[in-house]
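The block underneath contains the structure these notes are about, expressed in C-alpha cells.
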Amino acid sequence: MDGQGRSDLQTSETGTRALESLLGFWAEAGVDTAFTDEPPVDRVAERVRPQPAAPHAPATPAAAGPDVSGAIDEARRLAAEAQDLAGLAAAIAAFDGCGLKFEGARQAVFSRGVADAPVMVIGEAPGADEDAQGQPFVGRAGKLLDKMLAAAGLADRVFITNTVFWRPSGNRNPTAQEQLVCAPFLERAIALVQPRFLLLAGGASAKAMLQRPEGILSLRGRWFDWTSADGALALPALPTLHPAFLLRQPAAKKRAWADILMLSERLDRPERPLGG
Ligand code: URA
C-alpha cells in the first residue's frame, strides 16, 4: 500500500474510533434513539428467532420469525430447572431463543466471581474480549471495574454477569427484547446467588433492570427497588456509570467511585434490628 493509501486508512480508522466514542457517549447518557424520516425498521423481528416446536429439537435458522413470548417461556422453563450455577450456565449455553446467539458470538458468556457474593454486578452485554474468553468483564473495561471494586474492598464480594449472554455484533447495545428473553436466566442467577445488593453498570443495564425511562446520568448514585417479574424477589439496586464510559470520559470516574463507595458503605453497615 502506498503512503497515501496508508494515510487514508489511518484517517478512516481514526474517524471510526471517534464516531464509536461519540455514539458510546450519547448512548451512555441515555440517548438511545435517532429519528429519521425513513419508516421504522423492526430490528427485533429480524433478530429474535422462534423456539423449536419440540423443546429439544434442533433450531432451524431458515424458519426464523419473531416469537419473543415463546422464547421467554422456554427461558423460564430452562432457568427454573437449573439447580445450581453450573446447571444454569449449561442451560444458557444450550438455549437457542436469543437472536444474539446467531449474530456471530463465539460462545455464551455467563458469569465470574463468588457464588454466594453479597453484591451482584450486572453489566450490559459481553464484548469482544468476553466473547473470546467466555467470561464477563475481562477486557479493558473489566480491568477498570476490578480495580475500582478492589480499591473499595469488594474484590472478593462480587458475582459478575450481564443482562444478555452473547456478544451483540458490532458491540451495539442489546435490544429490550434480547434482554427480556435473557431475563429469566438472570433472575434465576439472582435467586441462586442471593446477593444483598445489585450494582447495575451502565444505562442499558439500569434501564432493563429498573424499567425506568431516565438516562444513567440521572439514575446513577440512587438506590432503587428491583423486583423480579413474578414479584418473588426484591433487592436494593444501585445504578452506576459503565466502566467503558469511564475509559472514554475519565473525568466521570469520581462519580462512579462515589457510587461504589456508597455500596460498600451500605454493605458493611450493620443491619438495623427489626423494630429498631
Ligand atoms: N461490558 C459489559 O457490559 N459487560 C461485559 O462483560 C464487558 C463489557
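The equivalent ellipsoid of the range 59-181 has semi-axes of 26, 17, 11 Å, largest first, where each one is the square root of 5 times an eigenvalue of the Cα gyration tensor.
With all protein chains kept in place, the per residue accessible area of the range 67-162 amounts to 41 square angstrom at a probe of 1.4 angstrom. Computed across the range 155-196, the Kirkwood radius stands at 11.6 Å (inverse of mean 1/r, all Cα pairs). Once both labels are positioned 7 Å from their Cα atoms along Cα-to-Cβ, the gap between Asp156 and Ala232 label points is 3.2 nm. Rolling a 1.4 Å probe over the protein chains gives Asp225 an accessible area of about 130 Å². Computing FRET efficiency as 1/(1 + (r/R0)^6) for Val114 and Glu271, where r is the C-beta to C-beta distance and R0 is 25 Å, gives about 0.80. Close Lys pairs in the range 133-276 (alpha-carbon distance under 20 Å; sequence gap of 8 or more, or different chains): 4. What is the percent of Cα-Cα separations in the range 83-126 that go past 13 Å? Distances greater than 13 Å cover 62 percent of the Cα pairs. Taking the average, over residues, of other Cβ atoms within 10 Å as the packing measure, peptides 106-116, 227-237, 164-174 rank 164-174, 106-116, 227-237 from highest down. Here the range 216-276 is described by how far its Cα atoms reach on the three principal axes: 44, 29, 16 Å, from widest to narrowest. Under 5 Å between amide hydrogens, built in the peptide plane, is the criterion, and for Glu124 it picks out Thr163 among residues at least 5 positions away or on other chains. Here the range 127-273 has 51 percent of its accessible surface on carbon and sulfur atoms, given a 1.4 Å probe and all protein chains in place.
The values are calculated or read from the model by the stated rules, or taken from the named source; none is laboratory data. Just so we're clear, the structure is a prediction, and the values are computed from it rather than from any experiment. Backbone-built Cβ (ideal geometry, glycine too); neighbour counts: all protein chains shown. Just the protein is used for accessible areas: all its heavy atoms, side chains included, with ligands, DNA and RNA removed. Shrake-Rupley method; radii C 1.70, N 1.55, O 1.52, S 1.80 Å.
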